[in-house]
1. Which of (1) more than 16 Å from the ligand (Cβ to nearest atom); (2) modelled with pLDDT under 95; (3) surrounded by 21 or more Cβ atoms within 10 Å (Cβ to Cβ) does TYR187 not meet, given it meets every other one?
2. For region 243-256: of the residues being among the hydrophobic types (A, V, I, L, M, F, W, C) and within 23 Å of GLY159 (Cβ to Cβ), which is nearest to the ligand (Cβ to nearest atom)?
3. Kindly establish whether THR496 is within 16 Å of the ligand (Cβ to nearest atom) and under 23 Å from the mean Cα position of the chain (by Cα).
4. For residues that are touching a Leu at 6+ places or on another chain (Cβ under 8 Å) and part of a strand (DSSP E or B), scanning just region 220-251, find the one that is surrounded by the fewest Cβ atoms within 10 Å (Cβ to Cβ).
5. Please work out which residue is farthest from LEU442 (Cα to Cα), limiting yourself to region 252-264 and to residues that are of a type outside the set (Gly, Ala, Ser), touching a residue at least 24 places away in the same chain (Cβ under 8 Å) and surrounded by 14 or more Cβ atoms within 10 Å (Cβ to Cβ).
6. If you go through region 115-124 one residue at a time, do you hit one that is of a type outside the set (Asp, Glu), within 16 Å of the ligand (Cβ to nearest atom), under 28 Å from LEU460 (Cα atoms) and not in a helix (DSSP H, G or I)?
7. Find the residue count for region 462-482, including only residues that are under 23 Å from PRO341 (Cα atoms) and either in contact with an Asp or Glu (Cβ under 9 Å, 6 or more places away or on another chain) or β-branched (Val, Ile, Thr) (or both).
Amino acid sequence: MTKHHVPDPTVLIIFGAGGDLTWRKLIPALYHLQRDEWLDERFAVLCIDRKPLTIEEYHDAIFKGAQKSSRSGPITQENWERFAAHIFRRQGDLTAPQVYQEIKQFCDEKAGEWKTKVQRVFYLAVAPTLIQPICDQLAAAGFQNDREGTRIVIEKPFGRDLESARALNRMVTRDFEESQVYRIDHYLGKETVQNILAFRFANSLFEPVWNRRYIDHVQLTVGEDIGVEHRGGYYEQAGALRDMLQNHLLQLLGLVAMEPLLSFDADEIRNKKVDALKAIRPVTADEVDKYFIRGQYGSGWFRGEKVPGYRAEANVSPQSNIETFVAGKFFLDNWRWQDVPFYFRTGKRLPARVSEVVLRFRPVPHLSFPATAVRDLRPNLLTIRIQPDEGITLRFQAKQPGQMLRLKPVEMHFDYSEAFSGEQPEAYETLLLDAMQGDAGLFMRADQVETAWKLVDPILENWESAPPDDFPNYAAGTWGPEAATMLLANDGRHWTEPRTRDDTPTPKTESP
Ligand code: BG6
């Protein structure tokens with residue numbers, strides 16, 4: 001997170017390099033890091049997968065992929081060639097010792113060519129079942145012995161419940177030290193998510209009111225307008241709870257709720273975040289219905305087109321009981337947040353792709369204005385827009401000009417694209433660079449992952465033992481099931497309507 005220099009000479013080894021993640025995210029991220037001069041000539045990417053392709057065919061395939069996902073528009077042939085000279089490839093079975101000998105040889109060759117020691121970053125973009133065989137092979141080949149010069153980066157999902165995550169942590173840390181393990185949650189690499197720390201701790205204005213005395217409740221929304229696309233097979237094993245709540249939403253919540261940092265040290269950030277997660281009041285399996293809502297989309301409309309329901313998506317069972325929507329509320333038992341609900345919702349096929357954190361402040365303690373002046377009064381609202389239309393909005397009351405005393409809610413906006421010129425790095429650029437620089441602040445430590453699973457496990461247990469009888473219970477293109485609206489309505493509250501890019505409120509599913 002704190003970058004001063006280009007990483008030491010590095011070989012980045014991508015396992016599972018034939019998958020979507022490589023061309024969609026990793027290759028474009030590395031390309032932009034090189035273009036923006038965060039990588040010098042001494043970096044090499046060794047892509048490993050099983051497909052029998054020549055290096056030219058592989059370059060061609062990733063070039064096409066990178067063009068589609070490039071954040072800076074079309075990649076010129078010249079820039080691509082400069083970059084592609086650093087991309088190498090080996091074909092092989094990740095469970096075979098031979099592959100690891102080839103990696104060793106490759107790293108030795110690069111060390112000879114660059115006339116220096118190289119660090120090795122292993123990126124595991126693979127199915128969870130392959131993590132153990134890969135770690136075993138890395139250990140058998142002796143890579144773990146170089147504690148300073150070897151790191152492994154592991155993609156989510158990290159386990160599928162507390163028990164499997166614990167087993168995975170035990171297994172990975174049997175061969176590698178925790179300091180060598182980088183567990184990715186790409187939300188932490190987003191600029192707007194990192195900005196929560198700057199906003200809270202680099203300003204004196206907000207922190208004094210960031211507590212139960214002033215804040216009525218917090219809302220976290222991570223909405224997606226897409227369905228499961230071609231990921232039905234994966235999603236049938238995951239569902240929204242494992243796919244989004246266990247990681248992205250709880251990490252966001254941790255940043256909003258954590259205590260001020262003493263320093264920007266990686267462990268300090270992670271300690272404060274895990275403290276916040278540990279303060280979340282655990283819910284037992286039989287209390288789940290009181291606090292959490294699940295949903296699955298049926299068919300509906302998206303941008304004027306009829307779209308299928310989840311059960312009709314490719315590689316999804318027509319009787320599937322997997323949730324594509326989850327909402328709920330958490331309480332944190334500590335001095336700062338006691339009795340302040342943290343509501344959250346996330347789902348596929350919602351009306352908009354929008355992620356935001358909303359802090360709704362308490363009403364003023366005493367209103368001295370006449371009743372006619374305050375008809376439109378609204379509590380202060382602070383909205384942190386994570387994506388798209390990244391920015392922060394603060395709502396407050398102002399006197400409407402004129403002879404009559406009338407107060408109106410108005411908004412102050414901070415917009416990233418207006419305030420800062422230039423492009424924003426993508427989350428994967430930040431995370432790859434941090435991993436290469438040995439900065440683990442934005443990665444999840446074993447205890448964070450386990451604490452998050454501890455919170456999610458009772459919900460999984462309850463939902464898996466009592467299949468829903470109302471799925472599908474929301475139409476594609478709506479804000480989830482009625483029960484999600486009622487979750488807040490029963491507390492006398494409502495969801496704040498997210499705004500889309502053109503600032504038009506998205507379709508209403510709530511009271512004003
Ligand atoms: C991934 C989930 O971790 O995050 C996906 O597996 C989801 O299901 C994605 O679509 C959302 O990420 P972003 O960056 O597009 O908000």
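The values are calculated or read from the model by the stated rules, or taken from the named source; none is laboratory data. Keep in mind the model is a prediction, meaning the values are calculated, not measured. Quick reminder, even Gly has a Cβ in these numbers, built from the backbone with ideal geometry, and neighbours come from all protein chains shown.
1. Of the numbered conditions (1) more than 16 Å from the ligand (Cβ to nearest atom); (2) modelled with pLDDT under 95; (3) surrounded by 21 or more Cβ atoms within 10 Å (Cβ to Cβ), the odd one out for TYR187 is (1).
2. MET244
3. The answer is no for THR496.
4. Only one residue tops the list, namely GLY223.
5. Only one residue fits best here, namely GLU259.
6. yes
7. Adding up the residues that qualify gives 4.
Residue-by-condition table, conditions (1) out of contact with any strand residue (DSSP E or B) (no Cβ under 8 Å at 6 or more places or on another chain); (2) surrounded by fewer than 17 Cβ atoms within 10 Å (Cβ to Cβ):
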site: TYR100; (1), (2): yes, no
site: LYS110; (1), (2): no, no
site: TYR123; (1), (2): no, no
site: VAL126; (1), (2): no, no
site: GLN132; (1), (2): yes, yes
site: ASN145; (1), (2): yes, yes
